[in-house]
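Novice: Sending over a structure as structure tokens; questions will come in a sec.
Each reported figure results from applying straightforward, stated rules to the coordinates on display, with no laboratory input. None of these values were measured; they are calculated from a predicted model. Note: ideal-geometry Cβ built from the backbone for every residue, glycine included; neighbour counts use all protein chains shown.
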Amino acid sequence: MTKRPDLAFDLEAMESHSDEAAGLLRALANPQRLRILCMLVGGELSVGQINERVPELSQSALSQHLARLRAEELVVTRRESQTVWYSLRPGPAEAIIATLHGIYCAPNQTARRRPETKQA
């Protein structure tokens, strides 16, 4: 049996945060919300800018996704006149999204290269 490196593990902390982590992962499980969050890695965007980048979503559907992201406290908003701006809320969600963005969305990404198959 291979022994794993000794990782600092606090069972009580894990138990107290497992529901929070599961809720975060549920919120991230929707492909449209995930795309919206990945767009925000580069900085804040207005609702109009987000809508331009996901034209397949109706304005109503986009509003529902943005409302869910606000309710889950994954994004922060600010209003400038009639424009609402969205950005990632600093914290666990931002760290996860930045990691996913680096793996799946970044230009010239290398982390997702498929392993070469051996030919007979």
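Novice: Pop a pseudo-label 7 angstrom from the Cα along the beta-carbon direction at both residue 60 and residue 79 and give the gap in nm to one decimal.
Specialist: Placing both labels 7 Å beyond Cα along the Cβ direction yields 2.4 nm.
Novice: Between residue 71 and residue 10, what is the label-to-label distance in nm when each label sits 7 Å out along the Cα-to-Cβ direction?
Specialist: Label-label distance for residue 71 and residue 10, simple model: 3.1 nm.
Novice: Using 0.36 nm per residue, how much length does the chain from residue 96 to residue 47 gain when fully extended, once their Cα-Cα distance is taken away? Intermediate results must be reported in sequence, preceding the final value.
Specialist: Values: separation 49, 0.36 × 49 = 17.64 nm, distance 2.23 nm.
Contour length minus the Cα-Cα distance gives 15.4 nm.
Novice: Hey, another quick one. Once phi is turned into ³J(HN,Hα) by the Karplus curve 6.51 cos²θ - 1.76 cosθ + 1.60 with θ = phi - 60°, what whole-Hz value does each residue of the range 62-71 show in order, with x for glycine and proline?
Specialist: 4, 4, 5, 5, 5, 4, 5, 5, 5, 4
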